[in-house]
There are 2 protein chains.
Amino acid sequence: MDAPAPDQPVRVEVGLGDRAYDILIGSGLVARAGAEIASRMPGIRAAIVTDENVAATHLEAFSASLESAGIPATAVTLPAGERTKSFEHLQQVVDAVLDARLERRDVVVALGGGVVGDLTGFAAGIVRRGMRFVQVPTSLLAQVDSSVGGKTGINTSQGKNLVGLFHQPGLVLADTDVLDTLPLREFRAGYAEIAKYGLIDRPDFFSWLEANWRDVFSGGAARTRAIAESCRSKAEIVARDEFETGDRALLNLGHTFGHALESAVAYDGTRLVHGEGVAIGMVLAHRFSARLNQCSPDDARRVEAHLKAVGLPTSMAEIPGALPDADRLLAYIAQDKKVSRGALTFILTHGVGQSYIARDVPASEVLSFLRENHPG
Amino acid sequence: MDAPAPDQPVRVEVGLGDRAYDILIGSGLVARAGAEIASRMPGIRAAIVTDENVAATHLEAFSASLESAGIPATAVTLPAGERTKSFEHLQQVVDAVLDARLERRDVVVALGGGVVGDLTGFAAGIVRRGMRFVQVPTSLLAQVDSSVGGKTGINTSQGKNLVGLFHQPGLVLADTDVLDTLPLREFRAGYAEIAKYGLIDRPDFFSWLEANWRDVFSGGAARTRAIAESCRSKAEIVARDEFETGDRALLNLGHTFGHALESAVAYDGTRLVHGEGVAIGMVLAHRFSARLNQCSPDDARRVEAHLKAVGLPTSMAEIPGALPDADRLLAYIAQDKKVSRGALTFILTHGVGQSYIARDVPASEVLSFLRENHPG
């Protein structure tokens with residue numbers, strides 16, 4: 001009886017002292033959400049924040065689950081899409097929570113993907129200077145990335161996620177079944193972040209993914225394991241550096257190039273979604289590391305081969321439409337929030353699972369590299 | 001040489017672990033601000049947030065001080081008044097800080113009273129998920145209250161300060177000279193909060209104030225001492241309970257009644273300003289405590305006598321214009337954010353300097369008391 005029963009979720013603890021919380025990962029958690037929340041937070045009321053797409057599929061079941069657990073709840077349904085991460089919708093959520101007369105110990109629940117989670121966590125962090133927050137991530141990306149670590153935020157005209165705060169959830173419920181309703185392209189994009197954890201510091205996990213990625217895509221125990229291992233990996237890094245003053249930057253592997261590419265297509269999701277940018281960015285980070293003699297070209301090829309095998313793009317040439325030139329891409333990189341005092345900070349690697357933070361990377365090297373890899 | 005030189009500010013440390021910071025209180029600190037900031041935060045850039053009134057009197061000197069200390073700065077000047085604590089102006093400040101391309105370790109400076117401080121601290125807390133924040137409070141109320149403890153926030157249609165976060169400043173510079181430019185009514189209102197610290201848990205300080213309040217009003221060493229003692233008092237309470245889950249509620253002495261009265265006049269500052277509401281509220285809190293046999297009626301009379309002596313209002317009858325009836329006032333109290341689970345929480349007292357948190361105060365007692373004290 002050592003193994004959990006098949007319907008028992010895997011529990012990952014995010015060890016943040018008095019802000020520690022559990023992530024439960026497994027099947028059927030939307031239906032069991034009310035019971036899981038009520039047992040940890042007795043006597044609370046809730047506001048559910050979701051978007052139109054998720055509401056159509058999951059809101060009824062989720063609301064019923066809260067109701068049957070005796071949690072009174074109101075729901076706010078927002079437009080789907082990145083544009084919802086705005087001051088306008090932040091204000092809408094804040095108003096809804098206040099209008100529901102929720103108190104500080106009541107809970108705001110994010111039922112949705114990264115957009116809903118980031119916006120809702122921000123609102124929960126500022127209503128009454130910080131309410132309880134529960135995440136029910138419904139996309140793979142949200143389950144393995146944005147639901148761990150407490151980063152919340154919105155976008156402004158100056159850039160993405162430049163406004164927000166750190167607000168840790170009290171509980172995360174990652175229902176692996178809901179991922180079956182995702183389009184394949186979105187699942188793949190989330191998978192890029194799973195692969196990232198292997199590439200940062202878990203070479204065995206990356207090897208396991210190379211052998212088992214098909215099972216992760218098809219669901220069941222392998223999917224749960226991959227998500228749990230990803231959450232565990234991120235949780236460990238976050239526990240070392242909750243407020244991103246050091247090691248947490250490792251999580252940006254592939255993201256500096258990736259964000260520049262997302263900026264280059266003006267965040268047009270028909271051309272490039274975040275996880276695809278990260279996939280290309282991780283390949284570029286490994287190739288760039290090889291160019292700087294930090295890792296073997298074989299490692300770079302290995303990363304490229306795996307991401308290509310799962311169907312992710314791995315080069316700038318695969319992005320439909322014309323890209324700005326290398327100088328412009330460098331300007332996007334320099335604009336990125338991970339720039340400190342004008343020096344370029346990159347996550348480089350000594351090989352699969354051996355990433356590190358490189359500060360003061362010369363812009364000239366980046367520019368030459370971008371020119372060599374530019375499809376135009 | 002034990003006493004500090006006359007031009008040396010008094011330093012009060014707010015002991016919050018890795019969020020600890022200094023409050024400097026004294027003469028000429030606006031002119032020395034650049035040097036004080038630069039010595040603690042070398043190499044930073046700054047955004048100064050202020051309002052039209054303060055800008056007219058102090059912005060030039062303050063900007064010159066930063067410039068001479070080698071701190072590049074941009075300034076944002078907002079309309080004066082409580083209405084500035086809005087989502088709209090929060091967004092304006094956030095935009096200005098982002099447009100100035102400030103980074104996370106740069107500083108946002110609040111040069112102004114409580115409105116500017118609360119709004120600016122909120123903006124500093126959410127730009128890049130938390131930038132450095134320096135407060136230069138220019139009102140007495142801000143020097144002794146809102147600049148200590150890290151509470152920030154804005155108002156919404158549902159109420160005041162219901163949205164915000166805890167974001168501790170890195171430094172507070174309380175220039176006692178700037179208070180000479182305040183209208184007497186505003187100085188008096190700030191004084192109510194000074195008296196509050198004596199009434200919470202510093203009976204000797206309250207006695208000292210009874211004997212020396214005229215010197216506090218006229219300036220010099222007594223003023224500096226009163227402000228420093230107030231900051232020290234608040235700092236001690238905040239250090240015990242940074243996130244207001246317990247003892248920090250003591251700081252609400254006089255505020256539950258006071259906020260209800262402010263609501264009752266729709267926050268019309270021509271009828272009642274915050275400190276006046278607190279003064280009346282503190283008298284009511286002592287009278288209510290006496291009615292509940294918690295403190296002697298003599299203590300209530302003593303509090304009333306002192307606040308009356310300094311020129312503060314001490315009864316509802318002194319508020320110009322008609323007030324809503326007692327039932328309506330109770331409704332305002334029940335709406336106050338310090339209500340938890342529908343029970344009424346009050347700060348009551350066993351006497352001067354012996355305040356305590358009373359939970360589950362029966363609404364019927366409050367209602368009877370309000371009826372007895374209602375002027376209508």
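The values are calculated or read from the model by the stated rules, or taken from the named source; none is laboratory data. Please read all numbers here as calculations on a predicted model, not as lab measurements. Cβ sites come from the backbone with ideal geometry, for glycine too, and all protein chains shown count toward neighbours.
Take A:LEU209 and decide whether it is of a type in the set (A, V, I, L, M, F, W, C) and over 17 Å from the mean Cα position of the chain (by Cα). Yes, satisfied. If you go through the stretch A:260-279 one residue at a time, do you hit one that is more than 23 Å from the chain's Cα centre (by Cα), outside any loop (DSSP other than H, G, I, E, B), more than 14 Å from chain B (Cβ to nearest Cβ) and within 25 Å of A:GLY190 (Cβ to Cβ)? For the stretch A:260-279, residues more than 23 Å from the chain's Cα centre (by Cα), outside any loop (DSSP other than H, G, I, E, B), more than 14 Å from chain B (Cβ to nearest Cβ) and within 25 Å of A:GLY190 (Cβ to Cβ): absent. Among the residues making up the stretch A:293-309, a single one is loosely packed, with under 15 Cβ neighbours inside 10 Å and within 10 Å of A:HIS350 (Cα to Cα): A:ASN293.
Against the list (1) within 14 Å of chain B (Cβ to nearest Cβ); (2) crowded, with 19+ Cβ neighbours inside 10 Å; (3) not aromatic (Phe, Trp, Tyr), the condition A:GLU193 fails is (1). The set of residues in the stretch B:146-178 that are touching a Lys or Arg at 6+ places or on another chain (Cβ under 7 Å) and away from every other protein chain (no Cβ under 14 Å) comprises B:VAL148, B:GLY170, B:LEU171, B:THR176.
Under the condition of being at the interface with chain A (Cβ under 8 Å from one of its Cβ atoms) and not polar (S, T, N, Q), the residues counted in the stretch B:91-103 number 5. Taken over the stretch B:147-176, the criterion of being farther than 24 Å from B:LEU253 by Cβ, modelled with pLDDT of 95 or more and out of contact with any Phe, Trp or Tyr (no Cβ under 9 Å at 6 or more places or on another chain) is satisfied by B:LEU173, B:ASP175, B:THR176.
Within the stretch B:363-376, residues that are closer than 12 Å to B:LEU323 by Cα sit with their Cβ atoms under 7 Å from residues that are loosely packed, with under 14 Cβ neighbours inside 10 Å and of a type in the set (A, V, I, L, M), at 6+ positions apart or across chains, in these pairs: B:PRO375/B:ALA317; B:GLY376/B:ALA322. Of the residues making up the stretch A:11-31, those that are out of contact with any Leu (no Cβ under 7 Å at 6 or more places or on another chain) and within 23 Å of A:HIS167 (Cα to Cα) are A:VAL12, A:GLU13, A:VAL14, A:GLY15, A:LEU16, A:GLY17, A:ASP18, A:ARG19, A:ALA20, A:ILE23, A:ILE25, A:VAL30. Might you let me know whether the stretch B:64-81 holds any residue that is within 30 Å of A:ARG104 (Cβ to Cβ), touching a residue at least 40 places away in the same chain (Cβ under 8 Å), among the aliphatic types (A, V, I, L, M) and away from every other protein chain (no Cβ under 13 Å)? Within the stretch B:64-81, one or more residues are within 30 Å of A:ARG104 (Cβ to Cβ), touching a residue at least 40 places away in the same chain (Cβ under 8 Å), among the aliphatic types (A, V, I, L, M) and away from every other protein chain (no Cβ under 13 Å). Of the residues making up the stretch B:250-259, those that are assigned to a helix (DSSP H, G or I), surrounded by 24 or more Cβ atoms within 10 Å (Cβ to Cβ) and either more than 13 Å from the chain's Cα centre (by Cα) or not polar (S, T, N, Q) (or both) number 5. Give me the residue from the stretch B:124-145 that is within 9 Å of chain A (Cβ to nearest Cβ) and hydrophobic (A, V, I, L, M, F, W, C) and, out of that set, surrounded by the most Cβ atoms within 10 Å (Cβ to Cβ). The residue in question is B:ILE126. I want to confirm something. Restricting to the stretch B:35-50 and keeping residues that are closer than 14 Å to B:GLY70 by Cα and in contact with a strand residue (DSSP E or B) (Cβ under 9 Å, 6 or more places away or on another chain), which single residue is farthest from the other protein chains (Cβ to nearest Cβ)? Here the answer is B:GLU36. Considering the stretch B:280-322, and only residues there that are outside any helix (DSSP H, G or I) and hydroxyl-bearing (Ser, Thr, Tyr), the residue that is nearest to B:PRO362 (Cα to Cα) turns out to be B:SER296. Here is a check on your reading of the model: is A:ASP118 within 14 Å of chain B (Cβ to nearest Cβ), buried (at least 23 other Cβ atoms within 10 Å of the Cβ) and among the acidic types (Asp, Glu)? Yes.
The set of residues in the stretch A:208-231 that are surrounded by fewer than 20 Cβ atoms within 10 Å (Cβ to Cβ) and basic (Lys, Arg) comprises A:ARG214, A:ARG225. Scan the stretch B:207-225 for residues that are in contact (Cβ under 8 Å) with a residue 12 or more places away in the chain and of a type in the set (A, V, I, L, M) and the total you get is 2. Only residues that are crowded, with 24+ Cβ neighbours inside 10 Å and under 22 Å from the mean Cα position of the chain (by Cα) were counted in the stretch A:95-115, giving 8. In this structure, A:LEU182 does satisfy being more than 9 Å from chain B (Cβ to nearest Cβ), surrounded by fewer than 23 Cβ atoms within 10 Å (Cβ to Cβ) and modelled with pLDDT under 95.
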